[in-house]
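Input: a single structure, listed below in structure tokens.
The values are calculated or read from the model by the stated rules, or taken from the named source; none is laboratory data. As the structure is a prediction and not an experimental result, all values here were calculated from the model. Positions of Cβ are generated from backbone atoms using ideal geometry, with glycine treated the same way; all protein chains shown enter the neighbour counts. With ligands, DNA and RNA removed, areas are computed over all heavy atoms of the protein, side chains included. Shrake-Rupley method; radii C 1.70, N 1.55, O 1.52, S 1.80 Å.
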Amino acid sequence: MPEELTEEQTRAAFALLRAESLTHIRTPGTAEALRTVRRRRRAGIATAAAGVALALAGSAGVASLVGGDRSAPPPVSSTPSTSPPPLSTAQLDALASEAGTALGINSIDNRKRRSEGKGPILMSSSGPILRGGPSNISGTGYNENKTGVYVLEILCVGEGALRARFWGEPAMSGARESRPTPSPDSPDVRVPCGDHPTPVTASVRAPWPARVYVSVEADPTAVGRAAYARLVRVP
């Protein structure tokens, strides 16, 4: 049978029980204060998280821009053209006049040429080289040329070079006559341009009623920078 406690021992036990219980009992405002602290803590964490997210988003945006700048192609720099500018109209006309004078076609006097033992000039032309040059095809059926031999003389004043083709063929009618084609064995000569050029010559045989044709083309370096003169004569 357990030993009975005295009155003093009973009071001491209840006092100890109350003291221990007080350590587990919160005052009426404690719970509310703790809830407030929790709310503030959650709000602070959320705010901090939002700030971190914004910072990360900003960093990503900057990284994206930097990445875009790195991947973007460099600006294309325009390289200035090294080709010289074309001459003025007055300058080209002066070159054409010089070319005609050098070839002797500015004032043709076939009577004088015959008296000097030279063959008459049958056709001639001169002019500046524009848009690819003086590509032209001409024909003649000069029936006083008993031998049927014709001579081409051509020169170029300025820069670049020309290509001249000279051939004879029977006279044709219709569209073919307006654009004949040189034969493979016809003369095909290169005419260099210069300040004091020497005429380049070629000859073909085209007995009457055959005609002779000339085609002149310029290389790109001569366009707008040179002029030509050419003639077809009897030997």
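Name the residues in the stretch 211-235 that are part of a loop (DSSP other than H, G, I, E, B), crowded, with 18+ Cβ neighbours inside 10 Å and on the phi < 0 side of the Ramachandran plot, would you?
Once the filter is applied, which keeps residues that are part of a loop (DSSP other than H, G, I, E, B), crowded, with 18+ Cβ neighbours inside 10 Å and on the phi < 0 side of the Ramachandran plot, the stretch 211-235 yields V223, R225, V234.
In the stretch 154-171, is there at least one residue being farther than 19 Å from A99 by Cα, among the aliphatic types (A, V, I, L, M), touching a strand residue (DSSP E or B) at 6+ places or on another chain (Cβ under 8 Å) and touching a residue at least 24 places away in the same chain (Cβ under 8 Å)?
yes
Limited to the stretch 107-135, what total is found for residues that are within 30 Å of P85 (Cα to Cα) and open to solvent by less than 90 Å² (accessible area, probe 1.4 Å)?
10
On the basis of being in a loop (DSSP other than H, G, I, E, B) and within 18 Å of S215 (Cα to Cα), does P184 make the cut?
Considered against the rule, which asks whether it is in a loop (DSSP other than H, G, I, E, B) and within 18 Å of S215 (Cα to Cα), P184 comes out as yes.
When only residues in the stretch 136-151 that are open to solvent by 40 Å² or more (accessible area, probe 1.4 Å) and of a type in the set (V, I, T) count, which is farthest from D93 (Cα to Cα)?
In this case the residue turns out to be T147.
Looking at (1) under 30 Å from R211 (Cα atoms); (2) outside any helix (DSSP H, G or I); (3) modelled with pLDDT of 80 or more, find the lone condition where A102 falls short.
Result: A102 passes all but (2).
Somewhere in the stretch 201-209, is a residue part of a loop (DSSP other than H, G, I, E, B), open to solvent by 10 Å² or more (accessible area, probe 1.4 Å) and touching a strand residue (DSSP E or B) at 6+ places or on another chain (Cβ under 7 Å)?
Looking through the stretch 201-209, none of the residues is part of a loop (DSSP other than H, G, I, E, B), open to solvent by 10 Å² or more (accessible area, probe 1.4 Å) and touching a strand residue (DSSP E or B) at 6+ places or on another chain (Cβ under 7 Å).
I154: within 27 Å of L92 (Cβ to Cβ), open to solvent by less than 50 Å² (accessible area, probe 1.4 Å), aliphatic (A, V, I, L, M) and in a loop (DSSP other than H, G, I, E, B), yes or no?
no
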